[in-house]
Amino acid sequence: MLLEEFISKLEGEFDDMPKGTLQPDTDYRSIKGWSSMHALIIIAFVDINFNITLNGSDLKATKTVSDLYNLVQQKRPA
Amino acid sequence: MITGASSGIGQATAILCDSLGATVTITGRNESALKETAKELKNSSKIVVADLTSREQLTALVNKSGAVDGLVNCAGIVKPLPIKYIKQKNISEMFDANFSSSVLLCSELSNQKKINENASVIFISSVSAQHPYIGGSLYSASKAALEAFCRSFAIENAGKKIRANVVSPALVKTKIFTETELATSEEEMQKYESQYPLGFGEPVDVANCIAFLLSPASKWITGTTINMDGGLLLSSKK
């Protein structure tokens, strides 16, 4: 999955998020109304789409949307 | 017998009961972590590595065990999941670990007549069984089921003076807590803590309540749930 598709699908997971809200360099925790629910949605999104289980430490190490994407790429089996 | 004794509340309970003179059997999935718990124990103790979601391993644990005077069901998992992502496998995973394993352990011990008269059985629930949190639907439901089971267990076993009670803590500083903090943020956890008049709990706080419920000092208490929440529910009613 390319970065653009990753972003588009992730945006679709959040209710009421206008298209284009997420950009590669968006600090995702700075999204208006960010809460623990969003973190849970990201973990579930990655689990379902990539069969990768992210934990709190993994998320803590990321800041932007492209950090998240790169993390998923790193964790994908070769 | 203490399940989930490799960390957190189970570990604190094992250490406290041992210090109070009990002979404990500790069980959990992680052998090295169980051995760390065992290092803290002074009396003779038995370590049984077992994944209680495996019927074979559960039966093996009961086969190896003598009759117990106390059983503390601490084993369980937490895995937050928004409702829109729930699949059957998520329900099975949560209920196998948090509900079925405790139910089947009680059943197998009872069947083999390995719960002594006057014994005390404790189930660890969570205040979230009654007071939900976002992402915790399966966890809360599994704990609510466990609480309901405890009350049935209490009434079925009262004739033998076997007592059964639930301890229902709010946020306690365990590994699960640290993981939650990493997944959210330190600031968010501080915000949560501000809702606790007495702050977050420590594993030993819960262990102290468990020790009381295991002891004859609580011999007239059965089928009840003790909330331990540092005043959280009081403040939420303001």
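Structural remarks
- Helical content of the protein assembly as shown, expressed as a calculated mean residue ellipticity at 222 nm, amounts to -14000 deg cm²/dmol (DSSP H runs of 4 or more residues, -39,500 (n - 2.57) each, divided by residue number, nearest 500).
- Amide H to amide H distances under 5 Å link residue B:115 with B:68, where only residues 5 or more positions off or on other chains count and H is placed in the peptide plane.
- The trypsin sites (Lys or Arg not before Pro) found in the range B:79-117 that occupy coil by DSSP, while having at most 11 further C-beta atoms within 10 Å, are B:87, B:113.
- Across the protein assembly as shown the C-alpha pair distances fall into 10 Å bins from zero in the proportions 6, 25, 31, 22, 12, 5, 1 percent.
- Under 5 Å from the amide H of residue B:228 lie the amide H atoms of B:168, B:170, each residue being 5 or more positions distant or on a separate chain, with H modelled from the backbone and absent for Pro and chain starts.
- Using alpha-carbon coordinates, inclination of helix B:203-214 to the longest axis of chain B, degrees: 40
- Dividing the convex hull volume of the alpha carbon atoms of chain B by its residue count gives 128 Å³ per residue.
- Computed over chain A, relative contact order equals 33 percent, with contacts defined as Cα pairs under 8 Å that lie 6+ residues apart.
- Stokes-Einstein diffusion for the range B:87-159, with the hydrodynamic radius set to the Kirkwood value over Cα pairs and evaluated at 4 °C in a medium of 1.567 mPa s, equals 98 µm²/s.
- Sites matching chymotrypsin sites (Phe, Trp or Tyr not before Pro) across the range B:59-133 that sit in DSSP coil, with at most 10 neighbouring C-beta atoms within 10 Å: none
- Annotation: amide H of residue B:164 within the under-5 Å range of B:121, B:223, sequence separation 5 or more or interchain, hydrogens built in the peptide plane.
- Each listed q (0.22, 0.23 Å⁻¹) maps to a log10 I(q)/I(0) for chain A, found by the Debye formula over equal Cα scatterers with no solvent: -1.07, -1.19.
- Helix B:137-157 axis, angle to chain B major axis (alpha carbon atoms, nearest 10°): 30
- Rounded to 10°, Cα long-axis angle of helix A:3-13 versus longest principal axis of chain A: 60
- Sequence-distant lysines (8 or more away, or on other chains) whose Cα lies within less than 22 Å of residue B:191: A:32, A:60, A:63, B:79, B:173, B:175, B:237, B:238
- DSSP-assigned coil residues among chymotrypsin sites (Phe, Trp or Tyr not before Pro) in the range B:147-238, each with at most 10 further Cβ atoms within 10 Å: B:220
Each reported figure results from applying straightforward, stated rules to the coordinates on display, with no laboratory input. All figures in this text were calculated on a predicted structure; none of them were measured in a lab. Neighbour counts are summed over all protein chains in view; Cβ atoms, including those assigned to glycine, are modelled from backbone coordinates with ideal geometry.
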